[in-house]
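Take a look at the structure set out below.
The values are calculated or read from the model by the stated rules, or taken from the named source; none is laboratory data. Just so it is clear, the structure is predicted and the values come from calculations on it, not from any experiment. FYI the Cβ positions are ideal-geometry reconstructions off the backbone, even for glycines, and counts take in every protein chain you see.
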Amino acid sequence: MESYELNRSSREAWAMWLGSEKWDVFLTLTDPGLSHPEHMYKRFRHFENSVNRHLYGNNFKRRGEGIETVCGLERQNRGSVHAHALLRLPDHDVRDPVQFSWRYWQNFATELGGWARLDIPKSNADVVVYVTKYVVKDGDLIIGDNFNPFHPRHMAQTLLGQATHGSTTPLIT
């Protein structure tokens, strides 16, 4: 019983910390074969870096820009690796197809191999709990470099906030 309570408390703490702000994208990746979790993580990182380069340019890290991510990895019973990730795009409105093309990124994620799905989270709390289950199921939870719930980036401090003050240049071409 103590182990169950510790797992539940741990998961609730992770969910509260990660749920401090709204997430924009819920990404699911499944590997069709029997690969190592590192392979899935590299697939996710390739997706993450591609989105960052597309939205922010090649030097996004140096400028302190980029999307915020949390990725949970788990080996399924059949041996295949499964990942769920949360992405926050603080500088972009994912509902605006000029800023974020769902079709393009869905196709891109699928072309990386395996199965992929991108969704707008219906409930922030639900997707955070879903991703944090990996903490208590002997999986991995990987916090992205840009994620800091104690210092969130606000729209006014971003390219989108600046673009609304006189610039008509689209953020995504």
Study note, to complete from the structure: Among strands (runs of 3 or more DSSP E) completely within segment 1-119, the ones holding 3 or more residues that are over 19 Å from ASP140 (Cβ atoms) and in contact (Cβ under 8 Å) with a residue 12 or more places away in the chain are 115-119
Exercise for review: Would you confirm whether any residue within segment 114-121 is over 24 Å from HIS39 (Cα atoms) and either loosely packed, with under 13 Cβ neighbours inside 10 Å or at pLDDT below 85 (or both)?
Suggested key: yes
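Listed here are the residues, each with its yes/no results for (1) in contact with a strand residue (DSSP E or B) (Cβ under 8 Å, 6 or more places away or on another chain); (2) modelled with pLDDT of 90 or more; (3) under 19 Å from HIS82 (Cα atoms).
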site	(1), (2), (3)
GLY19	no, no, no
ASP31	yes, no, yes
LEU34	no, no, yes
LYS42	no, yes, yes
PHE47	yes, yes, yes
TYR56	no, yes, no
ARG62	no, no, no
THR69	yes, yes, yes
Practice item. Taking VAL94 as the residue in question, decide whether it is at pLDDT below 90, crowded, with 17+ Cβ neighbours inside 10 Å and among the β-branched types (Val, Ile, Thr). Key: no
